[in-house]
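What follows is a set of notes on a single structure, which appears directly below.
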Amino acid sequence: MAAALRPAFDYWLGGQGGDWAPSISAFRLEDLPPALIPWCVIVDVRDDPLDYVYRFWGTKRTRLLGRDFTGRSVHELSPDAIRESVYAEYEEVRCSRQPMISRHPAPLSSSQVVHFESIRLPITRDGDAVDRIFATICYQDFTEDHYRLFGTDNYAMGF
């Protein structure tokens, strides 16, 4: 696990209280390291139809993607490969009720690829189901190319 992701995982583990995941009331963003919070998201798991909607979208992610996704569905992410990957990862966390570290490439061109490493952590309301998912990304290794993937030129402002 990348060092940038460890504080989130350790906090999540500490908030479990003997259950498989912390409760919604026990998981508080303000308890995380301040440098990490702008890179975080929290999604609400919605039923009927199943969807993942961003309750919280960190400001540094807005700079990276060029758009704030608070209140928006994961289905609105782009490019397509990232949207599909993120949806599948949220689905796996929801079904397994387990944390997940993901590492995946995103092609910039036929010869260039950038890599993303994320952690996705389940949160529960009642101890039965995953009601929210917390995620953060390993931002410490980002380059101008990560921003270029999303058509943003905010690299200098990203940190």
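Bear in mind that the values in this text are calculations on the coordinates, not laboratory data. The structure displayed is predicted, hence computed values, not measured ones. Cβ: placed from backbone, ideal geometry, glycine included. Neighbour counts: every protein chain shown.
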- [ ] Considering the options Gln140, Tyr90, Leu5, tell which one lies farthest towards the positive end of the dipole of region 1-154, charges being +1 on Lys and Arg and -1 on Asp and Glu at the Cβ, about the Cα centre.
- [x] Gln140
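What does the convex hull of the Cα atoms of the chain come to per residue, in Å³, rounded to a whole number? Write out the running numbers ahead of the final one.
Details: hull volume 17.1 nm³, N = 159.
Hull volume over Cα atoms, normalised by residue count, gives 108 Å³.
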Task: Helix-derived mean residue ellipticity, 222 nm - over the chain, DSSP H n ≥ 4, -39500 (n - 2.57), to 500 - done: -7000 deg cm²/dmol
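Calculate the dipole size of region 43-159 relative to its Cα centre from +1 charges on Lys and Arg beta carbons and -1 charges on Asp and Glu beta carbons; express the result in debye to the nearest 20.
Working: 15 positive and 19 negative charges, 65 e Å.
With only Lys, Arg, Asp and Glu charged at Cβ, the dipole is about 320 debye.
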- [ ] Measure out, as a whole number of angstrom, how far apart the alpha-carbon centroids of region 98-159 and region 28-47 sit.
- [x] 13
- [ ] Starting from the Cα of Asp51, step 7 Å along the direction of its Cβ; do the same at Ser109; then give the gap between the two resulting points in nm.
- [x] 3.7
Open item on the list: Helix 80-96 against the longest principal axis of the chain: what's the angle in degrees, Cα atoms only, rounded to the nearest 10?
Closed with: 20
TODO: Alpha carbons only, please: Rg and Dmax for region 1-83, in angstrom.
DONE: 14.0, 39
